[in-house]
Structures are given as structure tokens and as C-alpha cells.
1. Checking the condition under 22 Å from the mean Cα position of the chain (by Cα) and closer than 23 Å to ALA155 by Cβ, which residue from MET511, MET503 passes?
2. Considering only the stretch 514-537, how many residues are acidic (Asp, Glu) and under 19 Å from GLY292 (Cα atoms)?
3. Just the residues that are crowded, with 17+ Cβ neighbours inside 10 Å and not in a helix (DSSP H, G or I), please, taken from the stretch 396-416.
4. Out of LEU393, LEU372, LEU377, LEU309, which single residue is closer than 29 Å to VAL437 by Cα, open to solvent by 20 Å² or more (accessible area, probe 1.4 Å), in contact (Cβ under 8 Å) with a residue 24 or more places away in the chain and under 23 Å from the mean Cα position of the chain (by Cα)?
5. For the stretch 193-203, check the following and say yes or no: at least one residue is under 19 Å from ASP27 (Cα atoms), modelled with pLDDT of 95 or more and buried (at least 21 other Cβ atoms within 10 Å of the Cβ).
6. Can you tell me how many residues within the stretch 115-127 are open to solvent by 10 Å² or more (accessible area, probe 1.4 Å) and either touching a strand residue (DSSP E or B) at 6+ places or on another chain (Cβ under 9 Å) or in a helix (DSSP H, G or I) (or both)?
7. Taking only pairs six or more apart or across chains, which ones have beta-carbon atoms under 6 Å, a first residue in the stretch 71-96 that is over 30 Å from LEU509 (Cβ atoms) and open to solvent by 60 Å² or more (accessible area, probe 1.4 Å), and a second residue that is small (Gly, Ala, Ser) and part of a helix (DSSP H, G or I)?
8. Within the stretch 398-430, can you find the residues that are in contact (Cβ under 8 Å) with a residue 40 or more places away in the chain and hydroxyl-bearing (Ser, Thr, Tyr)?
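The values are calculated or read from the model by the stated rules, or taken from the named source; none is laboratory data. Bear in mind the structure is a predicted one, so any value in this text is a computation, not a measurement. Backbone-built Cβ (ideal geometry, glycine too); neighbour counts: all protein chains shown. Heads up: the accessible areas ignore ligands, DNA and RNA and are worked out on the full protein's heavy atoms, side chains in. Shrake-Rupley method; radii C 1.70, N 1.55, O 1.52, S 1.80 Å.
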Amino acid sequence: MSPVLAGVLQLTALVAALALAYRPLGDHMAAVYNSPRHLRVEKVIYRCIGADADAEMRWPAYLRGVLAFSAAGVLFLYLLQRVQGGLPLSLGFASISPDQAFNTAASFVANTNWQSYSGEQAMGHVVQTAGLAVQNFVSAATGMAVAIALVRGFALPRALGSARAGGTPMRTGYLGNFWADLVRGTVRVLLPIAVVGALVLVACGALQNFSGIHEVGQFMGGSQQTGGGAVASQEVIKELGTNGGGYFNANSAHPFENPDAFTNLFEIFLILVIPFALTRTFGKLVGNVKQGYAVLAAMGVIWLGFTALMMWSEFAHGGPALQAAGAAMEGKETRFGVGSSAIFSVATTLTSTGAVDSFHSSFTAFGGGIQLLGMMLGEIAPGGVGSGLYGMLIMAIIAVFIAGLMVGRTPEYLGKKIGTREIKLAACFILVTPALVLGFTAASMVLPDALASQLNTKALGAGAHGFSEVLYAFTSGANNNGSAFAGLNADTPWYNTTIGLAMLLGRFLPMVFVLALAGSLAEQKPIPETAGTLRTEKPLFAGLLVGTILIITGLTYFPALALGPLAEGLS
């Protein structure tokens, strides 16, 4: 079987698996977030954290919950790393330095999982399980909660039913309860899937133990050290929660994390299943599943288009070396080949996952550009868990605003007017990340110490690929992706601090605008449809949405892409 055909068949199987899971998972999440009851274990959690899960919240209170919980997570994870040297099961590793501890704490709480360290050489079992793995769950649940709050803003008071204990309908202007949404997303959605997924990975050969470090022999003589760990349990939530932080430095290219071709495809499925299924949840909660299908169609077109472009880029093998290998095999796992690596690469950069089963810096120049562009879109096709849905809904608001300008009508979406306040909040949302990416990249390209981190280029004469490394780092950080181009030493005070700031600001500033927008929409009374209402469930709108996303991203980032991957690819 040819490598191209194998890649196409894997993609077909993946699409079929996602289609089978779409409806049941989407309906389940809709039922979870609209449930009038709390489970017994959830009540115990509420008592432990002192939260009143039945108290309704307007958007400022909901936002305070998000920020307070996340700030506590950053502080706890930072302190846990700083005292690692004195913890049990530390495997003899020293405590993490202040700048790297801050970077890692910000990274995992922001659902980025950028790692400027080698996991098997820096983090003991307690930090990995009680710190990093826990944040993989709750950071994903936080993103889902914010997305559901925005959906409620559209749904209230028209379609949303009883979302509080006792069956009392939510009041206009209220978005639910953050603590209830956080706990439900963790307990009823993420944990059950993660348990089953971890068992699948263990059955296929992934590690799951608390073993120490062992000396093992090598085929060519000599020896090397290798350690165990609770790998499978962290691996599954790494992908399911679109986190991306691996137990080992090689991430999902490591056989202890990703043993074979089946687990590779299974991990891609885990990355995509919740973000795609959330469009069904969105349709159910607003009372019109066709609206969810329109958003799904826009996501699917972009994802399939990027996957096809990536496979073409990597299978196009000009030159004798690439022809002998059958494709651009540099940096790719021979266990998976070019097709699986291309599919994984697009899935991880079009979501906020950042996990890798091959080294992105070794992709062709245009392949690296596709990875960059996927993150620059805002990772909305299908995007991160929760963040992809609310990012796509913001783009839908921009699209209906543009459509309204073209026909001279007041724009509206799902029965809610898109007025001055709403469009300003949407504009702020789409401007935050580019400002962070381009600002920090520009600063890093003029500071000698930052330029010196480009290990494969001269400090003051960095070429197009060196620029791409820096651009990729801040694009990945500000978009909460976490993957990286090799060749950039990011474990320096400058990069640890600036990328840490980019991750925190890129995660939580957009959430401020999303929740403010949700509150504004929730206070509006629904507008009845008329003959002039834009039908946002139709293919025409899905096409408009895709065009809006590509045009906005292109106008924002094209000059930077021209200096990096495009210049490298055309040289």
C-alpha cells in the first residue's frame, strides 16, 4: 500500500469515528450543562471548596470565579515545583528555578502546556500527577465552562430550560454558575472518557506506574537512563483536554506515550472529539441543531483543507534524498510515517493541543507555515476544548456584522442584536492575540540575548527559519497551543518570562471579552425572525464564516508569514 493511500485511509477512519461520536457526546454535554441536579460527588466537592453551586452569576461574578480559580492554580503549581526537591517520589530531581516554575505554572493553567524542560529529566511523580495532570483536567473544564456561558448568552431567555437545581429556570442576564460548570465538566465529561482512554492506552503498551529511574542497555553498546511514571493517565487527558504537555521530552513521538499506529490515530481522535461535538451541544442549547451544523461545517472545511494541504506539502518530494525516502521523512517517526504525522500535526495546531508525534521544525517550509497559520486562525477549527467554540462564535458575530453592512441591516445572530457594545468586544477579542504575538516577536528579533537563543543560526544574522522559530514560539504561547519549532533555546529568563506572560494574557484577556459579551447578550430580549433575517444555519453563512476567518487572519499575519515560512519555502 502506498504511503499516500495509507494516509487517506487513516483520515477516512478518523472522520468516521468522529461522526459516530458526534451526536451522543454532544447530546450528553448538553444534558450535563443543563441538568437540574447535582451528583453526590459533586455536592462533596462544593462543600470542600465552599461554593454555592445554585447561586446564579452575572458575567462579572462568573469572570471573578474563572480568574480566582486560575490564579490559585498558578500559585499552587508554582510552589509545588519550587519545593520539588523535598517531596517524596521526586526521583532525585532538584526544585525548579523561579523563571521556569513560573513559565510552567502559567503554561498548564492556561491550557497551553508549553514545556521549556525535558519532563523525564526535571519533574518527579508528585509534580507530574498532583500538579500537571490535575491542571490538564481543570484548565480544560474552565475553557468548556466559558464556552457554555457564551452559549447561554445567546440562548437566554429563549431556549435554555432549567439549569439550576430544583428545576428553576435561569433569569435573564445570568450565565449560570462557574463552579457548577467547572465541576460538571470535569466529573461528568472529562473523567469518564479519560478513564476509558487510559485503559485503552495501557492495553496497547503505554506506561502506567510509579517506577524510578533505571539503567538500560543500548543496541549499539553503552547504556542510558529511563524512568517510568503515570504516563497513560496523563497522556489521555493531554489529548482529550487539548493540553499537549507530555510526560517525556519527545512527547507523543515517544513509544512509552504513543506505542503504535493505532494509539496514534486514537490520540488524534481524542484531540478532536470534544471540540467537534461541542457544536452539537451548542445547537441543542440554543434550540436549533442546524446552527450547530453550520458551525461544524465551517470547522470541518478548514480542518480538512489544512490536512489536505499538509499531506500534499509533505508528500511532495522533490530531490533525490526525499525521493529515496518516499516523502519528507526528516523529523518524522517511521512507526507513523508521513500521512499520520501530517494528520496529527494539523489536528494539534488547529486545536490548542500542541502535542507532537513528529518534530514540527523538520517539516517542509510550507508545512511549517501551515502549522503556524492553523494557530494564527485562533485555533478554532475545531479549536481547543471550549476555546474553539467560543472563538468560532466570535467569528460568527464578525461575519454577521459584515453581512449586515453589505445589505444595510442591523446585524443579528440567533435572535440577538449585534450592536456597538457587542462588536467592540468581539473586535477586542480578535486583536489581543495578534498584538501579543507580533509585539513579543518584534522585541525578540532586536534583543541580542533573545537572538542568541536561535541555536541553529548566527545571533545577529538569523535567517527566515530562525525568524519562524521565534514567531512560532509566541504564536504557540499566545494562542495557548504549546508546540514549538526545535532550534530555539526557550529556557532562558527572557523567553520563560515573556512566553509565560503571552500564555496568561492570551488565555484570560479573551475570556474577559467573551464573558462580557455573554452578559450583554443574555440581557437582550430575543428578536423575532423576519423575511430579512440572515439565515445563519445555511451553507451560505458557513461559507461566509470561513471566508471571514481566512481574510481576517491573512490581513493580520501575512507580513510575518512572508518573512518566515514563505521566504524560506521560496528560497
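1. Values: MET503 fails: closer than 23 Å to ALA155 by Cβ.
From the options MET511, MET503, the qualifying one is MET511.
2. First, pick out the residues of the stretch 514-537 that are acidic (Asp, Glu): 523, 529, 537.
Applying the additional criterion that residues be under 19 Å from GLY292 (Cα atoms) yields 529, 537.
Residues meeting the conditions: 2.
3. Hits for the stretch 396-416 are PRO411, GLU412, TYR413, LEU414, GLY415, LYS416.
4. On the way: LEU393 fails: open to solvent by 20 Å² or more (accessible area, probe 1.4 Å); LEU372 fails: open to solvent by 20 Å² or more (accessible area, probe 1.4 Å); LEU377 fails: open to solvent by 20 Å² or more (accessible area, probe 1.4 Å).
Step by step, each of LEU393, LEU372, LEU377, LEU309 is checked, and only LEU309 is closer than 29 Å to VAL437 by Cα, open to solvent by 20 Å² or more (accessible area, probe 1.4 Å), in contact (Cβ under 8 Å) with a residue 24 or more places away in the chain and under 23 Å from the mean Cα position of the chain (by Cα).
5. yes
6. Start the filter on the stretch 115-127 by keeping residues that are open to solvent by 10 Å² or more (accessible area, probe 1.4 Å), which leaves 115-118, 120-122, 126.
Filter once more, so that each one left must be either touching a strand residue (DSSP E or B) at 6+ places or on another chain (Cβ under 9 Å) or in a helix (DSSP H, G or I) (or both): 120-122, 126.
The number of residues fulfilling the criteria is 4.
7. Matching pairs, first to second residue: ALA94/GLY85.
8. TYR413
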